[in-house]
1. For region 47-69, name all the residues that are touching a residue at least 24 places away in the same chain (Cβ under 8 Å) and open to solvent by less than 60 Å² (accessible area, probe 1.4 Å).
2. Starting from residues that are at pLDDT 90 or above and under 9 Å from the mean Cα position of the chain (by Cα), keep the ones in region 8-21 and report whichever is surrounded by the most Cβ atoms within 10 Å (Cβ to Cβ).
3. Would it be correct to say that G58 is touching a Phe, Trp or Tyr at 6+ places or on another chain (Cβ under 6 Å) and of a type in the set (G, A, S)?
4. For the structure I just gave you, tell me whether R44 is among the basic types (K, R), farther than 15 Å from Q96 by Cα and loosely packed, with under 15 Cβ neighbours inside 10 Å.
5. I'd like the full set of residues that are open to solvent by 40 Å² or more (accessible area, probe 1.4 Å) and either without any contact (Cβ under 8 Å) to a residue 40 or more places away in the chain or under 18 Å from N68 (Cβ atoms) (or both), limited to region 22-34.
Amino acid sequence: MEEQKVKEIVNAIYEAAGVQRQFSGSVNDRVAEVVGIMLHELGRCSDVFAWVPRPPAGKATITWIARNISRSMVDRLRDSDSLTCLRGVVHRWGGQLQRAGMGL
């Protein structure tokens, strides 16, 4: 259930950035860590994610993402002036996210 929510959030980020691919990998601890980094970077350049607190242990977990990030937050990125920021974050971290989802 939580893994599916993380996958939905990742795919919503891709969609908001205009990326045609979907995240098809497995959701694991490394994927959660990369998503956490992406969210942190989005928080530095987007008002939508600026208020999201850092994970208590420093690294995002599957549970933390599922509980703290919603699809509606990601959907608001489309309506903000953060498209350049969003595309940059996806460009920088998308490859690592795909590799993490493959267990590499």
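The values are calculated or read from the model by the stated rules, or taken from the named source; none is laboratory data. Keep in mind the model is a prediction, meaning the values are calculated, not measured. Cβ atoms come from the backbone with ideal geometry, glycine included; neighbour counts cover every protein chain shown. Protein only, heavy atoms only, side chains kept; ligands, DNA and RNA dropped before computing areas. Shrake-Rupley method; radii C 1.70, N 1.55, O 1.52, S 1.80 Å.
1. Correct list: V48, F49, A60, I62, T63, W64, I65, A66, I69.
2. Of the residues in region 8-21, the ones at pLDDT 90 or above are 8-11, 14.
Filter once more, so that each one left must be under 9 Å from the mean Cα position of the chain (by Cα): 9-11, 14.
Values: I9: 22, V10: 25, N11: 17, Y14: 19.
So the residue we want is V10.
3. On the way: touching a Phe, Trp or Tyr at 6+ places or on another chain (Cβ under 6 Å): no; of a type in the set (G, A, S): yes.
When the stated conditions are applied, G58 does not pass them.
4. Numbers: among the basic types (K, R): yes; farther than 15 Å from Q96 by Cα: yes; loosely packed, with under 15 Cβ neighbours inside 10 Å: yes.
Yes, satisfied.
5. Of region 22-34, the ones open to solvent by 40 Å² or more (accessible area, probe 1.4 Å) are 22, 24, 26, 28-30, 33.
Result: Q22, D29, E33.
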